[in-house]
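First comes the structure, then the notes that go with it.
Just so it is clear, none of the values below were taken in a lab; they were calculated from the coordinates. Because the structure is a prediction, the values reported are computed rather than measured. Cβ atoms come from the backbone with ideal geometry, glycine included; neighbour counts cover every protein chain shown.
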């Protein structure tokens, strides 16, 4: 059920062994449930069972057992993690908005290193969906809210929760094609929408994501970033690196990379970079604060 819109997804079914979590933690006294993140941490516990803070001692009851009846989204975060402070508040708001259809479980990786190890957390923020006592999907990094909403809808469907159908069946068809990896069908569907409704922001974003998926197909992320670092004025290398960063939840870094490249280039190269950057903006949408900030920086670089 992985949504290619959240293309930093690293989930592999069966890769997480939760057997050890179904037994008491190796400590003489179970740790009490956290009252909430420390001051300055992303978000905090919201009343009821909408958002909960969990530890290894409470993970079985708050996540595994609860997920049998209600999908649980597990947010691995830390107080020092700046990207977490971007993603966690959005997750909390969407959980409250969901009205109990799903529960957000927050895990501080510093306080619960064994949980992070069990879930093979290599970078944060990292988010897992748990349904029926088992992880069913995951992604890492910060993603735009629109993509996050789609991912959560897919989680709810996996958990047997009834979700509202999209208002536009044309967009539903296009999104389904994108989610299944049929990029040709997705592109055709999005273009059909835009032919009828040129200003449809969701279709514009979807078409931009199709292009992004095609550009990075077969690329080695680490090799691409290394190549870009070694050749800061290689336009193609920088564009690919920016694509990789967007996929990794580092859109801000991608925008900064390309704005800097706009400043250093001219002529056709400069226009190529500008158009690429505008295409990346379309994925997140004009309401994304990072896009608004990057657009201002781009205008300054151009003029």
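Among 77, 102, a tally of other beta-carbon atoms within 10 Å of each Cβ gives an order, fewest to most, of 102, 77. Taking every alpha-carbon pair under 8 Å whose residues sit at least 6 apart, the range 57-146 reaches a relative contact order of 41 percent. Computed extension gain for residue 185 through residue 299, at 0.36 nm per residue and net of the alpha carbon distance, reaches 37.6 nm. Note on 187, 145, 65, 56: ascending count of other Cβ atoms within 10 Å places them as 65, 145, 187, 56, the fewest first.
Over all distinct alpha-carbon pairs, what is the Kirkwood Rh of the range 140-280 in angstrom?
16.5 Å
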